[in-house]
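K.L.:
Have a look at this one.
The values are calculated or read from the model by the stated rules, or taken from the named source; none is laboratory data. Keep in mind that this is a model prediction, so the values were computed, not measured. Every residue, glycine as well, gets a Cβ built from its backbone with ideal geometry; the counts of neighbours run over all protein chains shown. We work out accessible area using only protein heavy atoms, side chains counted, and drop any ligands, DNA or RNA first. Shrake-Rupley method; radii C 1.70, N 1.55, O 1.52, S 1.80 Å.
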Amino acid sequence: MASRNTFIGLFFVALASLMFELLLVRIFSVTMWYHFAFMAVSIAMFGMTVGSLAVYLLPDIFKPEKTQKHLAASALIFAASLLLSFWLHLCIRFVPYISWIGILSLAATYLIISLPFIFSGICICLALTRFPQAVSKLYAADLCGAAIGCIALLLLLKSVDGISAVIVVAFLACVGALFFAFDCIKDSRRLFTTAIVTTVLTAAFLPINMQYHLMKLRWVKGLEEQALLYEKWNSFSRIRVYGNPDEPYPVKLTGLSKTADQNIKVRSLFLDIDNLAGTVLFRNDGDISKMSYLRDLVASMAHILRPHANVLVIGVGGGIDILSALTFDQKSVTGVEINDIICDVLRNKFADYTGHIDKNPHVNLVNDEARSFIARSKEKFDIIQITLIDTWAATSAGAYALTENSLYTMEAWRIYLEHLSPQGVVSCCRWYPAEHQYEIDKIVCLAAEALKKMGVSDPRKNMIVVRSNKLDGSEENFRAVGNLMVSPSAFSTADIENVRRNAERLQFEVVLDPLQASDPLLPKIIANCDNEAFLSTIPARLTPPTDDSPFFFQMARLRDWQNLSFLYGRSENSFNMVATCTLVSLFIIVLILTATCVILPLVLTLRRQRGANSPSITALSLKDAAPMLVYFCCIGIGFMLIEISQIQRLSVFLGHPIYSLAAVLFTLLTASALGSFSTNWLKDTSLTRTAPLVILVLMVVLVLFGWLTPSAITMFQACDTVERIAVSVGILFPIGWLMGTAFPIGMRLALRRSPEIGPWLWGLNGATSVCASVGSVIITQTFGISCSFMTAIIFYAIGWLSLIWFAAREKNQA
């Protein structure tokens with residue numbers, strides 16, 4: 001009989017498990033490259049799957065009469081191993097290159113971090129399979145804990161850093177162990193005492209570590225961590241500021257003209273996101289004329305072309321684009337920055353150093369998501385500037401979604417162009433190296449297609465591309481930047497001459513304008529931007545991203561994953577391209593691990609039991625178990641495909657993966673908890689008949705959801721963030737409720753036939769979820785978010801058929 005302490009203990013263990021999983025996503029983005037961040041999801045699910053299999057494969061250890069003791073012990077070991085494994089991860093130097101050392105460091109991370117999830121899996125599996133009469137309520141407690149964990153982590157990272165957050169999670173796991181230990185205090189007082197001592201010591205370790213940093217970041221992306229002036233975490237970034245505030249540094253800005261004074265030195269600090277995406281904080285005493293070198297950036301060409309302009313800057317960073325606009329004496333500058341920490345750096349922490357640019361009468365600094373801000377703005381801008389936004393680290397929180405970005409889709413660019421004045425310009429800077437210049441090619445293709453969708457018959461007349469360094473083979477070409485300027489109106493002859501004249505003065509190269517092109521490929525891309533047959537002849541994937549497939553930075557096609565030599569150049573965007581190879585390789589590894597650690601041991605165990613005439617499966621043969629095996633595999637895959645596809649879709653709608661991650665997980669898990677709880681009222685006598693009906697209703701609702709959601713997103717895309725989150729919760733809640741019914745009704749049917757089969761089914765459900773967590777990304781990148789969602793419905797349909805199959809077998813055996 002499950003006691004109240006069992007429900008509370010399960011709640012805390014589930015809470016800690018999901019918080020640790022999401023924390024790893026955030027921390028892996030710092031300690032490793034962004035395309036390894038989503039590996040945390042697979043690690044968690046793999047570890048929990050192994051834990052459930054241990055319960056099934058070791059029945060002599062996990063005896064039913066010792067369930068309460070094992071619940072407390074596994075939760076306690078989960079808390080202790082969580083801290084130990086994380087400390088070991090911090091000590092391992094991750095090697096971000098394809099080599100034997102790199103593979104070993106990655107494998108070591110996978111195995112070490114999966115250890116606490118194994119014990120978490122043991123605990124949750126025991127709770128959900130040893131109390132068949134309360135499985136609906138217990139599964140609801142499990143989902144409630146996970147749902148609250150999503151929101152709790154967002155709030156926690158506003159107060160403490162990532163390392164301290166891990167200690168807090170370990171403390172929550174200890175609390176869960178303590179509640180479990182209450183129920184076995186008579187049988188094992190020592191275990192209860194150990195739980196109390198561990199909980200107290202973990203709580204005491206938090207302030208000690210915050211004071212003395214006994215557990216801290218040692219290696220970040222393979223490099224030793226340096227001394228910092230400032231560090232702050234939030235749910236989607238780690239911001240650090242470093243450098244000597246009084247020491248002048250040479251001005252080496254990306255895209256700076258060769259004609260600029262190369263010997264000039266200015267006082268500055270360095271700010272970066274997740275130890276990678278960096279910018280500069282210039283010492284500013286209020287005299288903007290001292291920063292005249294900012295006028296010589298390739299990103300400033302739009303200011304030369306459109307003086308006396310109202311400017312909107314997407315992604316403020318250290319404020320360089322705002323300062324650049326001020327050096328041209330533009331009428332107004334609106335800076336939209338999604339990261340509240342960066343806004344706080346400019347407004348408060350380093351405001352004296354950076355000159356309080358937010359208090360300049362011409363500047364308006366806004367903490368908001370740029371796309372929705374522009375969509376609901378009634379103002380028309382003369383310049384919208386997007387300078388190297390979301391190159392690697394800023395998208396690292398995307399985890400499930402890899403590198404989706406709502407700023408670089410067809411729908412987003414139509415919003416930008418529609419919010420320009422008639423002669424306004426979108427100025428978008430991307431990397432443009434001497435080789436592998438696929439980012440600039442793709443952004444040109446995207447802009448051309450957006451113009452065509454707006455009715456522009458010849459998009460080339462509305463586009464100019466300027467490159468910061470000429471293609472002369474020099475070292476500077478490695479970090480060269482291209483500036484694509486796009487206008488809703490055709491550029492005039494005076495505009496073209498103005499750009500050419502100033503490009504010559506600054507030793508920039510006009511790669512493309514309406515009259516000529518030094519790169520013969522760009523005019524062909526513009527003319528064939530909607531011709532997939534032509535685009536497929538180019539090594540990189542240049543198809544314009546849409547909100548249904550928002551993968552701008554993903555240049556490699558899935559079919560070419562074995563032949564990615566063209567992606568490994570010295571260009572700045574090569575890391576983004578390597579992600580596809582990593583993704584496919586991880587999927588293969590996950591399939592092998594699933595087969596090795598799940599299917600093979602279980603099949604061998606069944607054969608061994610048959611040979612020994614063991615009754616442990618209660619006369620349930622593999623043939624008899626097949627309907628339930630298929631059912632639990634299908635609902636595991638289906639749930640994960642829907643979860644991840646909606647995280648990807650709503651990431652575009654909400655403007656950042658972490659908003660989507662929190663909204664989707666919290667809503668689906670909360671609604672699923674209520675759905676699971678509601679199945680408690682289904683009678684066992686009629687469950688065989690009602691179960692297929694429930695899944696059929698789920699499929700119908702999913703079809704309606706997939707049909708109506710795109711329209712709802714379009715309707716509410718101009719709302720503010722809070723309203724868009726509310727819309728997301730509202731549309732997800734019904735499907736979450738129905739999805740939450742699938743697991744408990746299936747488990748009740750299975751446990752009614754064979755109580756011992758529960759851990760096996762739980763393990764298979766988890767194992768298939770591991771595969772689906774990676775497979776969903778592959779499906780989405782190849783075919784789109786909608787295809788991933790429809791694939792989920794197909795798996796639920798197979799699960800529905802398996803229930804009918806199960807009912808038919810039960811009827812025949814009656």
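K.L.:
Can you list the lysines whose alpha carbon is less than 18 Å from that of Lys265, not counting same-chain residues fewer than 8 positions off?
P.N.:
Counting by Cα, and skipping residues close in sequence, Lys265 has these lysines nearby: Lys252, Lys290.
K.L.:
State the answer as a single residue: which of Ile389, Phe236, Leu172 lies farthest towards the positive end of the charge dipole of the chain, with beta carbon charges of +1 for Lys and Arg and -1 for Asp and Glu, about the Cα centre.
P.N.:
Sorting the options by dipole projection puts first Leu172.
K.L.:
Okay, moving on. List the residues whose amide H sits under 5 Å from the amide H of Val266, counting only those 5 or more places along or on another chain, with H placed 1.01 Å from N in the peptide plane.
P.N.:
The answer is Tyr249, Val251.
K.L.:
So what is the relative contact order for the chain, in percent, with contacts set as C-alpha pairs under 8 Å and at least six apart? Can you show the working numbers first?
P.N.:
Details: 1527 pairs, mean separation 123.1, N = 814.
Value for the chain: 15 percent.
K.L.:
Another one. Projecting each Cα onto the charge dipole of the chain (Lys/Arg +1, Asp/Glu -1 at the beta carbon, about the Cα centre), which of Val311, Leu629, Ala767 comes out farthest on the positive side?
P.N.:
Leu629
K.L.:
Continuing with this model, one more query. If amide hydrogens are placed 1.01 Å from N in the peptide plane, which non-local residues have theirs closer than 5 Å to the one on Ala277?
P.N.:
Hits under the 5 Å cutoff: Ala393.
K.L.:
From the backbone phi of region 721-734, what are the Karplus-calculated ³J(HN,Hα) couplings (6.51 cos²θ - 1.76 cosθ + 1.60, θ = phi - 60°) in whole Hz, Gly and Pro given as x?
P.N.:
Coupling constants for region 721-734: 4, 4, 5, 5, 5, 4, 4, 4, 4, x, 7, 7, 4, x Hz.
K.L.:
With an 8 Å Cα cut-off and a minimum separation of 6 or more residues, compute the relative contact order for region 703-797 in percent.
P.N.:
On the way: 21 pairs, mean separation 21.5, N = 95.
23 percent.
K.L.:
Using per-residue counts of other Cβ atoms within 10 Å, averaged over each peptide, order 6-13, 676-683, 204-211, 235-242 from highest down.
P.N.:
Working: 6-13: 25.0, 676-683: 17.0, 204-211: 13.2, 235-242: 22.1.
Listed from highest to lowest mean packing, they are 6-13, 235-242, 676-683, 204-211.
K.L.:
Given charges of +1 on the Cβ of Lys and Arg and -1 on the Cβ of Asp and Glu, with all other atoms neutral, how large is the dipole of region 272-330 about its Cα centre, in debye to the nearest 20? Don't skip to the answer; put the middle values down first.
P.N.:
Numbers: 4 positive and 7 negative charges, 37 e Å.
Result for region 272-330 is approximately 180 debye, rounded to the nearest 20.
K.L.:
Follow-up. At q = 0.13, 0.15 Å⁻¹, what is the base-10 log of I(q)/I(0) for region 733-813 according to the Debye formula with one equal point scatterer per Cα and no solvent? Please give it to two decimals.
P.N.:
Debye intensities relative to I(0), on a log10 scale: -0.53, -0.69.
K.L.:
Name the long-range amide H neighbours of Val313: under 5 Å, sequence gap of 5 or more, or other chain; modelled H, no Pro or chain starts.
P.N.:
Sorted by chain and number, the residues that satisfy this are Thr334, Gly335, Val336, Gln385.
K.L.:
Another one. Determine the dipole magnitude for region 305-365: charges of +1 sit on the beta-carbon of Lys and Arg, -1 on that of Asp and Glu, nothing else is charged, the reference point is the Cα centre, and the result goes in debye to the nearest 20. Walk me through the numbers before you get to the answer.
P.N.:
Numbers: 5 positive and 7 negative charges, 36 e Å.
I would put it at about 180 debye.
K.L.:
From the phi of every residue in region 757-765, what ³J(HN,Hα) in whole Hz does the Karplus formula 6.51 cos²θ - 1.76 cosθ + 1.60 yield, where θ is phi - 60° and glycine or proline is x?
P.N.:
Taking θ as phi minus 60°, the curve returns 7, x, x, 4, 5, 4, x, 5, 4 Hz for region 757-765.
K.L.:
Another one. Out of (1) 28.2, 91; (2) 29.6, 99; (3) 30.4, 107, which label holds the value of Rg and Dmax of the Cα atoms in Å that was computed here?
P.N.:
Computed from these coordinates, Rg and Dmax of the Cα atoms in Å corresponds to label (1).
K.L.:
So, for the chain, what is the accessible surface per residue at a probe of 1.4 Å, expressed in square angstrom?
P.N.:
On the way: 30420 Å² over 814 residues.
On a per-residue basis, the chain sits at 37 Å².
K.L.:
Using a 1.4 Å probe over the heavy atoms of the protein chains, calculate the carbon and sulfur portion of the accessible area of the chain as a whole percent.
P.N.:
So the carbon and sulfur contribution to the accessible surface is 62 percent.
K.L.:
Shape verdict for region 254-392, please, from the Cα gyration tensor: rounded (a/c under 1.5), prolate (a/b greater than b/c) or oblate.
P.N.:
Taking the square roots of the gyration eigenvalues as a ≥ b ≥ c, region 254-392 is rounded.
K.L.:
For region 223-235, just list the computed ³J(HN,Hα) in residue order, Karplus coefficients 6.51, -1.76 and 1.60, θ = phi - 60°, integers in Hz, with x standing in for Gly and Pro.
P.N.:
10, 6, 5, 9, 5, 10, 8, 7, 9, 8, 10, 9, 5
K.L.:
Please say if region 662-798 is rounded, prolate or oblate, where rounded means a/c under 1.5 for a ≥ b ≥ c the square roots of the C-alpha gyration tensor eigenvalues, and otherwise the choice is prolate for a/b larger than b/c and oblate otherwise?
P.N.:
Values: a/c = 2.11, a/b = 1.59, b/c = 1.32.
The shape class here is prolate.
K.L.:
Follow-up question, since we're still on this one. What is the percent of Cα-Cα separations in region 484-524 that go past 13 Å? Intermediate values should be presented prior to the final figure.
P.N.:
Working: 462 of 820 pairs.
Every Cα pair in region 484-524 considered, those over 13 Å come to 56 percent.
K.L.:
Turning to a different aspect of this structure: Relative to the Cα centre, what is the charge dipole magnitude of the chain, using +1 at the beta carbon of each Lys and Arg, -1 at the beta carbon of each Asp and Glu, and rounding to the nearest 20 debye? Intermediate values should be presented prior to the final figure.
P.N.:
Details: 65 positive and 60 negative charges, 481 e Å.
Dipole size: approximately 2320 debye.
K.L.:
Identify, among Met747, Phe653, Thr685, the residue whose Cα sits farthest towards the positive end of the charge dipole of the chain, taking +1 on the Cβ of Lys and Arg and -1 on the Cβ of Asp and Glu, with the dipole about the Cα centre.
P.N.:
Positive-most Cα among the choices belongs to Thr685.
K.L.:
Provide Rg and Dmax in Å for region 162-302, with only Cα atoms included in the calculation.
P.N.:
Radius of gyration, then largest Cα-Cα span, for region 162-302: 24.6, 82 Å.
K.L.:
Which of rounded, prolate, oblate describes region 51-112, given a ≥ b ≥ c as roots of the alpha-carbon gyration tensor eigenvalues and a/c under 1.5 marking rounded, otherwise prolate only if a/b is larger than b/c? Walk me through the numbers before you get to the answer.
P.N.:
Working: a/c = 6.34, a/b = 2.28, b/c = 2.78.
Oblate shape, in that a/c is at least 1.5 and b/c is the bigger or equal ratio.
K.L.:
Inverting the mean 1/r over all pairs of different Cα atoms, compute the Kirkwood radius of region 1-155 and quote it in Å. Don't jump to the answer; show the numbers that get you there.
P.N.:
Details: mean 1/r = 0.0619 Å⁻¹.
Its Kirkwood hydrodynamic radius stands at 16.2 Å.
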